[in-house]
C-alpha cells in the first residue's frame, strides 16, 4: 500500500476538481490519497465519496498556512484525520478571510493595469474556498500576457515586493501546531526545504508538537536530508511523502504519485490517529 499524502484540488489552488483528482489517483495506481487543500476541508467528503466509487482510499486532511514569527517566514503544517475538525474551523476561516481581502485588493490593482474582468477570474476560481494568485495569473494567461502561472509577470505583480502584492496574515505556527494536537489531528511539517523550516522542525519536535515530517517531496534539498533524517530518528517521528500536487497550476508540474508514503509509514500514521481518536473519546 502506498499513498500520496499531499494533494490540492480546485477547492484551493489546484487545477483539478475533487473527482478528477481521485480518478487521477486511480490511473496512477495509488492505493491512498490525502486531500490537503490550503486552509479548507471543503472537498474532503466529496473526495471520500469519489474514492469509494473508484477504489481509492481518501483520508481527510488540510494544509494550514502559518507564520514563524521568530524567523519571519511562512511555514505549512499538514493535519491528517483530525478527530475534532470543528476546532480548526475558526482558524481556517480567519486565514481564508484575510487572504480573500488581500487578493481582492491585488485583483483591483492588476485590473487597473490589464484588461481582466472579475468574470474571467471567476472562471478559474470557481469552486475554490478562496481567491488565489494562480486564479489571477490564469486569467492573464488566457489573455496572452503570460505563458506560465509563476513566471516573470507573477514576480512583477503578485510576488512579495511586486507592484500589486498585498500582504495577508497567517496564524502563528506554534499556536497552529497546538491547535492541531487539540483537534486530535496528526501533525506533519510540510516540505521543510521549501520555506527553510529545518531549524523550526527540531524546535517543534522537541516540544512534542510534531507527529511526522514530510521526508519525500519534489523540492527536497539534498543538503537538508541528514538533518531531516536525524530529527525523524531522534524523536521517533513518521516520515511521510507527498507530491504537493497542484495539477497544471505550477511552473513544474509533477505527476500525482511522484512522491509517496510507504506502507510502514502509513501504518504508523493510522496507529497514531487511532491513539488520538481514543484520547478524543476520553476527553
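The numbers here are math on the coordinates, done by the rules we state, and not lab data. These numbers were taken from a predicted model, which means no experiment stands behind them.
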Legend entry - Computed lengthening from residue 123 to residue 206, 0.36 nm per intervening residue step minus Cα-Cα distance: 25.4 nm
Legend entry - Inter-centroid distance (Cα atoms) of the range 9-41 relative to the range 69-132, Å: 18 Å
Legend entry - Crossing angle, helix 173-182 versus the chain [Cα axis fit, 0-90 degrees, rounded to tens]: 50 degrees
Legend entry - the chain, relative contact order in percent, only Cα pairs under 8 angstrom and at least six apart counted: 23 percent
Legend entry - Cα long-axis angle, helix 18-27 against the chain (0 to 90 degrees, to the nearest 10): 60 degrees
Legend entry - Per residue Cα convex hull volume in Å³ - calculated over the chain: 124 Å³
Inset, instruction - Per DSSP H run of n ≥ 4, the term is -39500 (n - 2.57); total these for the chain, divide by its residue number, and report the mean residue ellipticity at 222 nm rounded to 500 deg cm²/dmol. - result: -13000 deg cm²/dmol
Inset, instruction - Indicate, rounded to the nearest 5 percent, the antiparallel portion of the DSSP beta bridges found entirely in the chain. - result: 45 percent
Legend entry - Cα-based helix-to-principal-axis angle, 44-54 vs the chain, degrees rounded to 10: 80 degrees
Legend entry - Quarter of Cα convex hull surface for the range 77-170, i.e. mean projection, nm²: 6.8 nm²
